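K.L.:
I'd like to ask you about the structure that follows.
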Amino acid sequence: MNDLLGVVDWSRAQFAMTAMYHWLFVPLTIGLSLIVAIMESIYVRTGDTRWRNITKFWMTLFGINFACGVATGIILEFEFGTNWSNYSWFVGDIFGAPLAIEGIVAFFMEATFVAVMFFGWNKVSRRFHLASTWLTAIGVSLSALWILVANAWMQNPVGMTFDPAQMRNVMTDFWAVAFNPVSMNKFFHAVTSGWALAGAFVLAVSCWLLARGRNADAARKSIRIGGWVGTAGLLLTCWTGHGSAVQVARVQPMKLAAMEGLYTGGNGVPLVAFGILNSPEAIAAGADPMKFSIDIPYGLSLMIDGSTTSYVPGIEDLLAGRERSGGEQPAMAPPYSQRMEMGVLARQALTRYSQAREAGDSTAMAEAEADISTYFPNFGYGYLESPDDAVPPVGLTFYSFHVMVLGAGLLVVLFATLLFAAIRKPALLGYRWMHWLGFLSLVVVYLVSQAGWIVAEVGRQPWVIQNLMPTGAAISDISSASVQTTFWIFAVVFTGLLVAEISIMTRYISKASRSDIETAKHV
Amino acid sequence: MNNIENLQAYWWLLIAVLGAALVFLLFVQGGQTLLYGKSSLAQRQMMVNSLGRKWELTFTTLVVFGGAFFASFPLFYSTSFGGAYWLWMLILLSFVVQAFSYEFRRKNGNLYGTRFYDGLLMFNGIVGCTLLGVAVGTFFFGADFTVQRSSLLDPASPVISRWAPTHGLEAIACWKNLLLGFAVFFLARTLGAMYFINNIADTALSERMRRQVLANGLVFAVLFVAFVVVLMLQGGVRFIGGQAVEEPNIYLHNLLGMWWAAAIFLAGVLAVLYGIFRTAFCRGWRCGIWWAGIGTAAVVLVLFLIAGYAGTAYLPSVTDPSSSLSIANSSSSLFTLRTMSYVSVLIPFVLAYIVYVWAKMNAKPITETEMAEEPHQY
């Protein structure tokens, strides 16, 4: 049992580590591919070779980052098999399909056209090259679509039924899986956040170029494109973020409660704009969950239901069976202790079903199947040892959520300032403090981006599939020592890779800042 | 489309096609092991850039191979990947380090130097090819695992697929698997040398590569013949009426039972040999990669088909034959296979644009002049 817990924790740590490294590179790839495609479109439309050279400058940075995204991505796909083998069987019938579609539809498109993008300048026509650049950008976003369809399905399992004979879930409605409302929100939220991150990257690098005193024209052109893409991305991210929060309230109310540090809900619940949580021990002893907070009155009720009086449950309410109804009264559901009993009953019914099947007793099979249908929605609760196991790490979820929201607010101000300067007051771009705003936006956007994924993935714990399978039941039959070893191997490899990437990028940008980007060849 | 047996066979065919494409595309890995030797710096630059424009295709094919297995035969994904943990992790590690080595190797500020990244490419070439061969070897020579679905009902120990405690290291130590692994490695080197001849305009390099084709091709041929002999003598598990039955010489029986597969296999072997010998002895002939490449794909395709068709267990369990995986007991549901089959209609379009772009990009061989003028280089 101890080793089981060790395997679960180390497998979690390994998946979290690889996902976070992957997510350092992917949003920049998503956004920068779009920015590069826009720049090349301007070049093809105007025939101005300065735009071609600016495109090549950003394309080189895209290439360095793209390779890192690819390197960290392969591990993630295969880790579902290597570290979460039970999961792979339990829902592979549904979860595998988006991954295969991602490969067929998106990966080959990226892999084929990215080579044209880098090496085809003198081998194909100008228009074919432009088409390849756009197809690479589209491939990158399509890839994000299908992996987010898969991820969203884990958070809101739909379009499936449980097959007791196979002891697994099977797909019954592909379109419900593909157009799961959670996946649509996640897709637009992730892709537009990639635009925001790439916008910040372009702003920061351009500010560096301005600070070095050369390439002012190239930097201003880049700020205009990066600023518009980044601002549009950021505003759309905020909008889709609101949509995501509404979906979370609907399908993962415990996650929402953890995001807000809301232990006891009620009507007209405020939104915490900023807060510091008390320690878990103090909260358990009955202290106010918040040491200090700045609240927006009625904000949470208003955000979730568009009403100042609607009921929003807290953690304790959910454990007791009081759920959100969309109105002023809570909707009553089984308390978590009862859900755990139902999960055990589902498991017992499944055992009876297996025994009856082996004995060829169709009557007993039908009875057991009826019980399975009744209790299966709470199947995962049967693995928990106490109702509190269903509560995610509140502190990490709460602080990550607030870092994300506050950081996004700060980014709106930074982007607007830089874009305003680039378009209306170019002289402002000559000030050193303005350049620091650009650098700051890059730091903030990465912080926000990582915090977003922590909210999404830590906030859904303990579930690997919401309500159906806790993380502890999803693992492979391997020793924790094996997983620890691979964890450290990949930690060293990815860290070394990241340090080298940053070094290469800064060296490249620094070298470019000493030459004339609009006329130089980019090596 | 409403018959699950047909859909299972169709998806196994697609897995076989992807496997065949992957082994052909391992010429990239094979080429990486030929970078050092007597190559000048300029020649090495051309070799790296020749391979570098194709590495993503091999990488992507591996990822899609995994994704397609997950979607169509999830019990394999669950059992082999979770079980042979170290085998798959080493394969993945070798591909991870490849992905950034091309991009980083010559960039200023890469911290570790060009030779470090070239060493990683060598690691990928040796380990990636050999261990992929070992992994495919388990399809024929089996592995030490059990599958017990009811374990899911035990919260203290819920894992359904259990493997030997060595977790894949025993598969690497199995000489039969290694025989296939080394055959794949030398095949990849042979194909890599042929690709250089096809894609690089450099007489001295071509001559050296022709010698490599002969030397590596001969080693490959010996290893491959040995593998085929061992395979034809190998027993396996066949599911008859849902019961696992052990059968001696099962792959020989499958090959003889599928005459068309035997014909494709023979044609493939002849094409590979023709590619090897004509490349080695006919100066100026640059098409060896296509003959040997298509031959390789044909042979690998047939190997997959005899591993999985006719009720054969494509992952036999040496511990408990009834736990062996066949395409019938490890597949996705009828609904998922049918849905994925609609998606597979896109594959010809994908192949078409890959071929078109390949033709455009490879229209002219790489030259030293191009390397001197190309700003974006690996």
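K.L.:
Would you check which residues across region B:152-174 are surrounded by 15 or more Cβ atoms within 10 Å (Cβ to Cβ), more than 17 Å from B:THR79 (Cβ to Cβ) and at the interface with chain A (Cβ under 7 Å from one of its Cβ atoms) and list them?
P.N.:
B:LEU153, B:PRO155
K.L.:
With (1) under 30 Å from A:GLU102 (Cα atoms); (2) within 14 Å of chain A (Cβ to nearest Cβ) as the list, and B:LEU305 as the residue in question, which single condition is left unmet?
P.N.:
Of (1) under 30 Å from A:GLU102 (Cα atoms); (2) within 14 Å of chain A (Cβ to nearest Cβ), only one is false for B:LEU305: (2).
K.L.:
While we're on this one: Pairs please, first residue from region B:333-354 and in contact (Cβ under 8 Å) with a residue 60 or more places away in the chain, second anywhere and part of a helix (DSSP H, G or I) and open to solvent by 50 Å² or more (accessible area, probe 1.4 Å), Cβ atoms under 7 Å, 6+ apart in sequence or on different chains.
P.N.:
If the second residue must be part of a helix (DSSP H, G or I) and open to solvent by 50 Å² or more (accessible area, probe 1.4 Å), the pairs left are B:LEU334/B:ILE4; B:LEU337/B:ILE4; B:SER341/B:TYR10.
K.L.:
Name the single residue that is nearest to the other protein chains (Cβ to nearest Cβ) among those in region B:136-151 being out of contact with any Phe, Trp or Tyr (no Cβ under 9 Å at 6 or more places or on another chain) and in a loop (DSSP other than H, G, I, E, B).
P.N.:
By that ranking, first place goes to B:GLN148.
K.L.:
Failed condition for B:ALA99, given (1) in contact (Cβ under 8 Å) with a residue 60 or more places away in the chain; (2) in contact with a helix residue (DSSP H, G or I) (Cβ under 8 Å, 6 or more places away or on another chain), with all others met?
P.N.:
For B:ALA99, the failing item is (1).
K.L.:
Related question: Taking the condition open to solvent by 10 Å² or more (accessible area, probe 1.4 Å), within 7 Å of chain B (Cβ to nearest Cβ), β-branched (Val, Ile, Thr) and over 26 Å from B:TYR102 (Cα atoms), does A:VAL158 pass?
P.N.:
When the stated conditions are applied, A:VAL158 does not pass them.
K.L.:
So, one more: Exactly one condition in (1) out of contact with any Asp or Glu (no Cβ under 8 Å at 6 or more places or on another chain); (2) open to solvent by less than 30 Å² (accessible area, probe 1.4 Å) is false for A:SER310; which is it?
P.N.:
It fails just one condition, (1).
K.L.:
Now a separate question. Residues being of a type in the set (S, T, N, Q) and open to solvent by 20 Å² or more (accessible area, probe 1.4 Å): count how many of those fall in region B:340-378.
P.N.:
Looking only at that region, the number is 4.
K.L.:
Could you please find all residues in region A:267-292 being surrounded by fewer than 16 Cβ atoms within 10 Å (Cβ to Cβ) and either outside any helix (DSSP H, G or I) or of a type in the set (Lys, Arg) (or both)?
P.N.:
Result: A:ALA273, A:PHE274, A:ILE276, A:SER279, A:ALA285, A:GLY286, A:ALA287, A:ASP288, A:LYS291, A:PHE292.
K.L.:
Could you name every one of the helices (runs of 4 or more DSSP H) located completely within region B:1-120 that has at least 1 residues being within 7 Å of chain A (Cβ to nearest Cβ) and open to solvent by less than 10 Å² (accessible area, probe 1.4 Å)?
P.N.:
B:55-72, B:85-104
K.L.:
Of the residues A:VAL149, A:VAL177, A:VAL140, A:VAL191, only one is under 27 Å from A:ILE517 (Cβ atoms), open to solvent by less than 20 Å² (accessible area, probe 1.4 Å) and either outside the structural domain of A:CYS68 (by TED's automatic domain parsing) or β-branched (Val, Ile, Thr) (or both); which?
P.N.:
On inspection, the qualifying residue turns out to be A:VAL140.
K.L.:
Could you grab me the full set of residues in region A:161-174 that are surrounded by fewer than 23 Cβ atoms within 10 Å (Cβ to Cβ) and either away from every other protein chain (no Cβ under 14 Å) or assigned to a strand (DSSP E or B) (or both)?
P.N.:
Result: A:THR161, A:PHE162, A:ASP163, A:VAL170.
K.L.:
Return yes when A:TYR383 is within 14 Å of chain B (Cβ to nearest Cβ), surrounded by 16 or more Cβ atoms within 10 Å (Cβ to Cβ), in contact with a strand residue (DSSP E or B) (Cβ under 6 Å, 6 or more places away or on another chain) and of a type in the set (Ser, Thr, Tyr) and no when it is not.
P.N.:
yes
K.L.:
Now, a different point. Given A:ILE504, A:ILE475, which one is buried (at least 16 other Cβ atoms within 10 Å of the Cβ), outside any helix (DSSP H, G or I) and either within 8 Å of chain B (Cβ to nearest Cβ) or out of contact with any helix residue (DSSP H, G or I) (no Cβ under 8 Å at 6 or more places or on another chain) (or both)?
P.N.:
The match here is A:ILE475.
K.L.:
If only one of B:TYR314, B:TYR251 is closer than 26 Å to B:PHE73 by Cβ and in a strand (DSSP E or B), which one is it?
P.N.:
Criteria check complete, one pass: B:TYR314.
K.L.:
Of these, A:LEU497, A:LEU414, which one is open to solvent by less than 20 Å² (accessible area, probe 1.4 Å) and either of a type in the set (Lys, Arg) or within 12 Å of chain B (Cβ to nearest Cβ) (or both)?
P.N.:
Selected residue: A:LEU497, the only one of A:LEU497, A:LEU414 that is open to solvent by less than 20 Å² (accessible area, probe 1.4 Å) and either of a type in the set (Lys, Arg) or within 12 Å of chain B (Cβ to nearest Cβ) (or both).
K.L.:
Pull up region A:99-137, narrow it to residues that are among the small types (Gly, Ala, Ser) and more than 10 Å from chain B (Cβ to nearest Cβ), then point me to the one that is most open to solvent (accessible area, probe 1.4 Å).
P.N.:
Only one residue tops the list, namely A:ALA131.
K.L.:
Right, next: If A:GLY96 satisfies every condition in (1) surrounded by 23 or more Cβ atoms within 10 Å (Cβ to Cβ); (2) within 8 Å of chain B (Cβ to nearest Cβ); (3) in contact (Cβ under 8 Å) with a residue 12 or more places away in the chain but one, which is the exception?
P.N.:
Here A:GLY96 clears every test but (3).
K.L.:
Something else now. Looking at B:ALA226, B:ALA188, B:ALA221, B:ALA215, can you tell me which residue is buried (at least 21 other Cβ atoms within 10 Å of the Cβ), at pLDDT 95 or above and in a helix (DSSP H, G or I)?
P.N.:
Residue meeting the stated conditions: B:ALA188.
The values are calculated or read from the model by the stated rules, or taken from the named source; none is laboratory data. Quick caveat, the model's predicted, so the values are computed rather than measured. We place every Cβ from the backbone using ideal geometry, glycine too, and count neighbours over all the protein chains shown. To get the accessible areas, we keep the full protein, side chains included, count just its heavy atoms, and leave off ligands, DNA and RNA. Shrake-Rupley method; radii C 1.70, N 1.55, O 1.52, S 1.80 Å.
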